Structure formats: structure tokens, C-alpha cells
């Protein structure tokens, strides 16, 4: 006999588990179905493990700079096995914490794969459920390229590379987006010869052009080779287990040897069996502004519906979808900050300069402040970045773009400004502490107003 439940959620990633918590806050009974590990891609194969890798890599990379600070140290090559073990320990701890949290919230978590028997009935293993509402938050997996099948040995996707047992001597990364650039930062810090091959004209093509140019310059300092407007034709395996990567670049084919190849060209949706709703041409679930699918009692949220595939956006979408499902009128759109954990870090929100000019023409106010004028950035030895503030002619802030130390911790403040449609005049009235990298944002806004204090 089918079991009744107020809400059945398929997928225990950010959208799913936040939706479950929100439903419990509304007093609803919840069954959360997850076929792998609670936390989804972000916690198990994305945000958290990659940042654990980055933390270890940056600590190792900083050792070569200790002498400049008057500290003499000796060190050998990294023990990559311990790096992986620490990453796994961090992930395990956070997964266990999330499982405990859901238990305390009285969310019933079912391990298994959900299958729609009909639009109103879902089976998980031997159990059948007839939920009042269903939330699909089944997420995505790394996308493959037809000419570069991932074998888990020579050619890896972003899941597989997290479990490397030893450091490669050389790595070719196919795709210069966020994932590719972050892994380039990790492996270059350990002395791996890294090459990025990007089809677009620049790395991070969705970010502000000045951000891309600055990161490219910094990558070159880190001895990361970047080939843009380039395409990988194939990888030819060699007898010793390495590969020769054939790259079409500037009208010719270059060959690049590599111990392994990382394919990071985006992600594709994963659907529960028998999903009855409409899917668009990109293979994503179609939802309205209330996160409702073409089947009225079925909702969807997170990466499965497209947009920016970011955990913090999925948090909001999962909660909003549940509010909608049970009669609320939640906010359905947000100003979403974007963070890239390269060296230096990148934080951005709102329109790029190119996007703003396409809408407003030249009637913009743009302020730029170099980190070379920021005391905290100079102290940290990472002063090659900048902060850019873009506003319309009336002073309403349209976009903020930062590259420099700790900017991923700072961009939330700028997001508040855009979310509440504050003007630059309002913003610059807020005192920012000194010395901090955060004050560079106010300096950029002052510069846009023609009132810059520490800029020429």
C-alpha cells in the first residue's frame, strides 16, 4: 500500500535538503530520497572537496614565499595521498553533520533511487509513496565530449580527478571555465605543468573581460599555459600510460603531452526514472516563476532547472519551491554572487561592463580601484587585482567585480547593495574598516563618482 506524505523530495543536494528543512519549518511531513550521499555534488564532489584541495595547495605554495617574510623553512615534495585523505575527512565530517541536522529536523531520509510509477506515485526500492507534493532536485553530473570519453585513468572528469592517488607531472585541462581554472590553480601550486585549452576567446568567458585578462596574466606568472580559441581534437594514449593531446590552435595542430587530461566543459542534468514533466531542448526541466513543472503538483529546483549552477542559488530555489508548493508567494529571483577560488580569488555580482554597455550604451558610471592602492592587499603580497563598480547614469549600482585576496568573502556586501537597488551615493556613506581589502569596493564607488581618495 502506498504511503502518504506531504512532500517527497528527489535529491539530497543543496536544493533538496534546504527544501526539506523549509518544509519541516512549515509543519509538513517530508521524505527525502538520495541515491548517493547526502549533500549532493556540492558537498561530495564539488564546492567542499575542491576548496579543501585549494586550501592545501595554497599552504604548500606559500612555503616558497616564507623567506620574504623572514621565515626560513625547508620542505620536500607534497604527500598528495595525505592531501586527498584530508579532503575526504573534511567531506565526511560535513556529510555526517548534515545527516545529523536532518535527523534533528525529523526529515525522513531514504537511501535509494526514486522512480515515478505515475505522476502521483513514486517508488523507492520496495516502498511506494503518494505525496501531496513532489520536489525534483536531482542535480547534474559532469558532461562528456564525444571525442574525449572519460576512462577514469588518462582522461578524467571533475569527479574522478578528486580521487587521484598521486600528483601528475603534467595536466591538460579542457575548458577554461570556473572548474577548469580552479583545478589549474590547485595543481600549478604543486608544481604540475598545467595547460588550459579553452574554446572561447578568453578564460572565464562569462565574467567581466577585465577579470579574465587579469587572471590570464596571473596564470602566466604561475606558469600555467593557456590556449584560447582552441579545440582538443583527440587524446592519443601512449604505451607508458600518458597521452598526447592534439590541439587545434591558430590554424594548426599542436601536440601536448600529458600524464592526465581533465575534461571540464559543463554539466548535464540527471532525471529520476519516469519523470512526467516537460523538458526543454537543453535537457533541463521546464518550470514557471513559482518553480512549478508542467505537472501542477510537481516542482523542481537547483541545477536541474538551469541558470547559474551554484549551491547558494540552489539553497534559495529549494526553499522557494517548497513555499510555492504549499501556498506561499516567495521571492523567485535574486542577485546572485559568483565566486571563483583561483589565485587570486574572484568575486562578482550583477552585470559585467559588456552587458551593461549593451543595455545602457555609454551612459554609465564606472569606477576602478587597483589593489596596488590597498594596504591589506599589498601586505598580503597579492596586489595585482582590482575592484570595478558599474552604475547607470542615475547612480544605481549594476555590477561589482573584484579580483584579489579574500574577495569571495567580501562580495556578499556588494550583493546586498544590488539586491536592495542602492545608489552609489548611499553606498559610499557606509564606513569601511581600514586596512581591509573590503575598503577597495568603497574606493571604486568613490572613483565612479569622481571622488576617489586613494586613486589617481
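The values are calculated or read from the model by the stated rules, or taken from the named source; none is laboratory data. A quick note: this is a predicted structure, and the numbers were derived from the prediction, not measured. For neighbour counting, all protein chains shown are included, and Cβ atoms are generated from backbone atoms with ideal geometry for every residue, glycine included.
What do you reckon, is residue 172 crowded, with 18+ Cβ neighbours inside 10 Å, assigned to a strand (DSSP E or B), outside the structural domain of residue 47 (by TED's automatic domain parsing) and out of contact with any helix residue (DSSP H, G or I) (no Cβ under 9 Å at 6 or more places or on another chain)? Considered against the rule, which asks whether it is crowded, with 18+ Cβ neighbours inside 10 Å, assigned to a strand (DSSP E or B), outside the structural domain of residue 47 (by TED's automatic domain parsing) and out of contact with any helix residue (DSSP H, G or I) (no Cβ under 9 Å at 6 or more places or on another chain), residue 172 comes out as yes.
Restricted to the range 268-299, and to residues there that are touching a helix residue (DSSP H, G or I) at 6+ places or on another chain (Cβ under 7 Å) and outside any loop (DSSP other than H, G, I, E, B), the residue that is surrounded by the most Cβ atoms within 10 Å (Cβ to Cβ) is 299. Go through (1) farther than 18 Å from residue 44 by Cβ; (2) in contact with a strand residue (DSSP E or B) (Cβ under 8 Å, 6 or more places away or on another chain); (3) not assigned by TED's automatic domain parsing to the domain that holds residue 8 one by one and return the number of the condition residue 167 breaks. Evaluating residue 167 over (1) farther than 18 Å from residue 44 by Cβ; (2) in contact with a strand residue (DSSP E or B) (Cβ under 8 Å, 6 or more places away or on another chain); (3) not assigned by TED's automatic domain parsing to the domain that holds residue 8 leaves (2) as the failure.
Looking across 105, 169, one residue alone is under 30 Å from residue 64 (Cα atoms), modelled with pLDDT of 95 or more and over 21 Å from the mean Cα position of the chain (by Cα). It is 169. Identify, please: which residue in the range 414-431 is at pLDDT below 95 and either assigned to a helix (DSSP H, G or I) or touching a helix residue (DSSP H, G or I) at 6+ places or on another chain (Cβ under 6 Å) (or both) and is, among those, surrounded by the fewest Cβ atoms within 10 Å (Cβ to Cβ)? Result: 425. Taken as a whole, the condition of being surrounded by fewer than 20 Cβ atoms within 10 Å (Cβ to Cβ) and at pLDDT 95 or above does not apply to residue 198.
For residue 162, state whether it is closer than 19 Å to residue 270 by Cβ and touching a strand residue (DSSP E or B) at 6+ places or on another chain (Cβ under 7 Å). Considered against the rule, which asks whether it is closer than 19 Å to residue 270 by Cβ and touching a strand residue (DSSP E or B) at 6+ places or on another chain (Cβ under 7 Å), residue 162 comes out as no. From the list 59, 43, 54, the lone residue that is closer than 25 Å to residue 90 by Cβ, within 19 Å of the chain's Cα centre (by Cα) and without any contact (Cβ under 8 Å) to a residue 60 or more places away in the chain is 43. Scanning the range 144-163 for residues that are in contact (Cβ under 8 Å) with a residue 12 or more places away in the chain, crowded, with 18+ Cβ neighbours inside 10 Å and not in a loop (DSSP other than H, G, I, E, B) returns 148, 155, 156, 161, 162. Quick check on the range 111-119. Is at least one of its residues without any contact (Cβ under 8 Å) to a residue 60 or more places away in the chain and part of a loop (DSSP other than H, G, I, E, B)? Scanning the range 111-119 turns up no residue that is without any contact (Cβ under 8 Å) to a residue 60 or more places away in the chain and part of a loop (DSSP other than H, G, I, E, B).
So that you can scan it fast, the table gives a plain yes or no per residue for (1) touching a helix residue (DSSP H, G or I) at 6+ places or on another chain (Cβ under 7 Å); (2) surrounded by 11 or more Cβ atoms within 10 Å (Cβ to Cβ):
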residue: 70; (1), (2): no, no
residue: 76; (1), (2): no, no
residue: 83; (1), (2): yes, yes
residue: 86; (1), (2): yes, yes
residue: 90; (1), (2): yes, yes
residue: 94; (1), (2): yes, yes
residue: 98; (1), (2): yes, yes
residue: 104; (1), (2): no, no
residue: 111; (1), (2): no, yes
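Residue selection: residue 347 satisfies the criterion of being touching a residue at least 24 places away in the same chain (Cβ under 8 Å), touching a helix residue (DSSP H, G or I) at 6+ places or on another chain (Cβ under 6 Å) and part of a strand (DSSP E or B).
Selection of the range 1-46 for residues being assigned to a helix (DSSP H, G or I) and surrounded by fewer than 18 Cβ atoms within 10 Å (Cβ to Cβ) yields only 25. Kindly indicate whether any position in the range 379-400 is under 20 Å from the mean Cα position of the chain (by Cα), assigned to a loop (DSSP other than H, G, I, E, B) and surrounded by 15 or more Cβ atoms within 10 Å (Cβ to Cβ). Checked against the condition, which is being under 20 Å from the mean Cα position of the chain (by Cα), assigned to a loop (DSSP other than H, G, I, E, B) and surrounded by 15 or more Cβ atoms within 10 Å (Cβ to Cβ), the range 379-400 yields no hits at all.
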